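Note sheet for the following structure.
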Amino acid sequence: MSVYQDRRAQLMRVLGADCVAIIPTAIEQIRNKDTHFPFRPGSDFYYLTGFTEPEAVLILAPGRSEGEVILFCREHDVKAERWDGPRTGLTAAVTEFGVDQALPYAALDRYLPKLLGATRRLFYDLGAYAEFDQRMLRWIRQIRQVSRSQSAFDLLALSTHLHAMRLHKGPDELGIMRQAADISAAAQTELMRRCQPGMREYELAALFAYQCQLQGAQVLAYPSIVAGGEHACVLHYTANRSLLQDGELVLVDAGCELDGYAADITRTFPVNGRFSTLQRSLYELVLAAQAAAIAQVQVGQPWDAPHQAAVQVLTEGMLRLGLLQGNLQQALKNKTYQRFFMHRTSHWLGLDVHDVGSYEVDKEPCRLAPGMVLTIEPGLYIPPGSEGVPAHWQGIGIRIEDDVVVQADGPAVISAAVPRTVEQIEALMTAA
Ligand code: GLY
Ligand code: MN
Ligand code: MN
């Protein structure tokens, strides 16, 4: 509870007095007819409350005499709880979540216009939840009609401040992220152990989900990508239905979500446990690019230094292997490497897999600082039919992705437990 209270206090200090911040949780979504998608709280809301029930809104009103922190949530309802399980209710919302005041979600329409009418600065992030945006607009219209006196406030982005906080992970968050990475790493390793030619991609996907849940992760952080052979060249391949063929590689990009925090790991390994010479030469190029990128995860470095390092190594390698023509300088300048490496090397990682936090400060790449977490995920993708590329390279897609914490004493690769070198992978996969 104190972690969340501290975060709210820190945010309110930044926002200053005499303002209102409104942070709704996610809105339940119908999957079909009367079945919902599994509910997941909004990341901003969860970061500030730890509260996981739907139909909840956090209000921060620094300086408000009746209480600065209000949680709107569902009241107890014996009948509904009989069907859907227990609710926290208003009393426990105060004692267990440490807010000053808990009010019924059903009464939002009554309270919100009053709160809005009394402030001059409103922090609210438009665009996250369309339905909630609509309600906000209704409340604003309502107060303007009633007061006539042009109740006016500045509408300000909360994300500017809140996402800057979320970018720097505290010890509690890093602890959970390490666990999420451990669970995902163990599951990825199990996939290598169990993979056989003739399995279907979805068997590995199912095994990954099973292993993660067995170890306590609630859900996956994103739909797993299990891409055998040339499917690996489709960056967001999630069909996962094909046979895994002897002699091909399989790319697995999968991570669990633990207590809201994502892991995001990719390994590419031979279906039969042994790399061919060609596969190995490309794989070791991507691995070298990843090592060069990880070495750049140092406090004070621009956040894209790892990308620059990866691009340099990959481009040199592609020229050496004949995948690209010309000299290094030209290839870097004209970005010809993008034909086979078309995504960034990194993104922030946290409550969201592509986590929030700016990548720029004053139009310059932001500098790495302790507690930031980012992925390092170079890849090479050579789709079938790539003109001018020797046939033996075509249909190979490789990505190696790890999760890295920026630390004062150098990068901490929290997903390093999954075998990564050719020798490690082959040893694991061919062990009796
Ligand atoms: N799994 C999504 C990504 O690697 O960015
Ligand atoms: Mn990623
Ligand atoms: Mn990934």
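General observations
- Distance cut-off 19 Å, percentage of C-alpha pairs in the stretch 340-428 lying past it: 56
- For the chain, the per residue solvent-accessible surface stands at 46 Å², with DNA, RNA and ligands left out and a 1.4 Å probe.
- Over the chain: helical MRE at 222 nm, DSSP H runs n ≥ 4 each giving -39500 (n - 2.57), nearest 500: -12000 deg cm²/dmol
- Cysteines in the chain lacking any other cysteine Cβ under 4.7 Å from their own Cβ: CYS19, CYS73, CYS195, CYS233, CYS366.
- Accessible surface of the chain, 1.4 Å probe: 51 percent of it comes from carbon and sulfur atoms.
- Close amide H pairs (under 5 Å, H built 1.01 Å from N) link LEU156 with LEU122, PHE123, TYR124, residues at least 5 positions away or on another chain.
- P(r) weight above 21 Å for the stretch 1-145, C-alpha pairs, percent: 44
- Convex hull volume per residue in cubic angstrom - Cα atoms of the stretch 128-273: 150
- Positive minus negative residues near ALA181 (Lys, Arg vs Asp, Glu; Cβ under 10 Å): -3
- Rounded if a/c under 1.5, otherwise prolate or oblate - the stretch 121-188, Cα gyration tensor axes: prolate
- Here the alpha carbons of the stretch 262-416 define both size measures, Rg and Dmax, at 16.1, 50 Å.
- Loop-located trypsin sites (Lys or Arg not before Pro) in the stretch 29-77 (DSSP state other than H, G, I, E, B) with a sparse environment of at most 16 neighbouring Cβ atoms within 10 Å: LYS33.
- Among the DSSP helices (H) of the chain, those spanning at least 18 angstrom by Cα along their long axis with an average Kyte-Doolittle hydropathy of -0.5 or more are 2-15, 171-194, 201-214, 277-295, 305-321; this is a geometric and hydropathy rule only.
- Rg and Dmax [Cα atoms of the stretch 313-358; Å; Rg one decimal, Dmax integer]: 14.4, 42
- When the C-alpha to C-alpha distance is required to be over 31 Å, the pairs from LYS169/LYS363; LYS169/LYS335; LYS169/LYS333; LYS333/LYS363 that qualify are LYS169/LYS335; LYS169/LYS333.
- Translational diffusion of the chain, µm² s⁻¹ [Kirkwood Rh, Cα pairs; Stokes-Einstein; 10 °C; 1.306 mPa s]: 66
The values are calculated or read from the model by the stated rules, or taken from the named source; none is laboratory data. Note that the structure is predicted; figures quoted are calculated from it, not measured. Here the Cβ is made from the backbone with ideal geometry for all residues, glycine too, and neighbour counts use every protein chain on show. Protein only, heavy atoms only, side chains kept; ligands, DNA and RNA dropped before computing areas. Shrake-Rupley method; radii C 1.70, N 1.55, O 1.52, S 1.80 Å.
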